[in-house]
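Trainee: Next up is a structure, given as structure tokens.
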Amino acid sequence: MRMRRTKTGKRTSAAKSKRAPKNVDEYLASIPERARDHFDQLRAAIRSVVPAAAAETISYCIPAIKHKEVLVWFAAFSSHCSLFPTAAVIEEFKNELKGFTTSKGTVQFPVNKPLPVTLVKKLVKARVAQTESKKRR
């Protein structure tokens, strides 16, 4: 007997379009309108604390910031924007993230609340420091 797939809750993501975006501009064009401002703020906060030589790329069908390796990923959904700074960073800041939905390596920022720019910058700085300390070993 073949198992039937059931539809889960409605989740619209810029990454779930018919084809994967080739670059961040293509991704931006597919972001749900109500998440666009939050995404722009998230992107600006990330860019403000990564090394100047870091570049935006697409990885796993979502935007990422890469500096020798991927530092963080970020994405927009209809009801939230997500930052993927890795599990170690989420664990390090678990007390500060108590008011947000998190998973092992992700934190969600609802679009109906102000984006905590200072917290985003702390998370990204911690990830940058993590990758730089790894290089020194």
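The values are calculated or read from the model by the stated rules, or taken from the named source; none is laboratory data. Note that this is a predicted model, so its numbers are computed, not measured. To get the accessible areas, we keep the full protein, side chains included, count just its heavy atoms, and leave off ligands, DNA and RNA. Shrake-Rupley method; radii C 1.70, N 1.55, O 1.52, S 1.80 Å.
Trainee: With a 1.4 Å probe and all protein chains kept in place, how do 104, 121, 94 rank by accessible area, largest first?
Mentor: The ranking, largest first, comes out as 104, 94, 121.
Trainee: Further, regarding this structure: When all protein chains stay in place, what accessible area (Å², nearest 10, 1.4 Å probe) is found for residue 103?
Mentor: Its heavy atoms expose roughly 70 Å² to the probe.
Trainee: Right, here's the next one. Tell me the accessible surface of residue 36 in square angstrom (1.4 angstrom probe, heavy atoms of protein chains only), to the nearest ten.
Mentor: Probe radius 1.4 Å; accessible area of residue 36 about 70 Å².
Trainee: I would also like to ask the following. Where does each of 27, 60 land when they are ordered by accessible area, with a 1.4 Å probe and the largest first?
Mentor: My answer, sorted largest first, is 60, 27.
Trainee: OK, next. Ranked from the most accessible area to the least, with a 1.4 Å probe and all protein chains present, what is the order of 91, 26?
Mentor: Putting 91, 26 in descending order of accessible area: 91, 26.
Trainee: Quick one: Kirkwood hydrodynamic radius for region 23-110, alpha-carbon pairs, angstrom, one decimal?
Mentor: After inverting the pairwise mean of 1/r, the radius is 13.4 Å.
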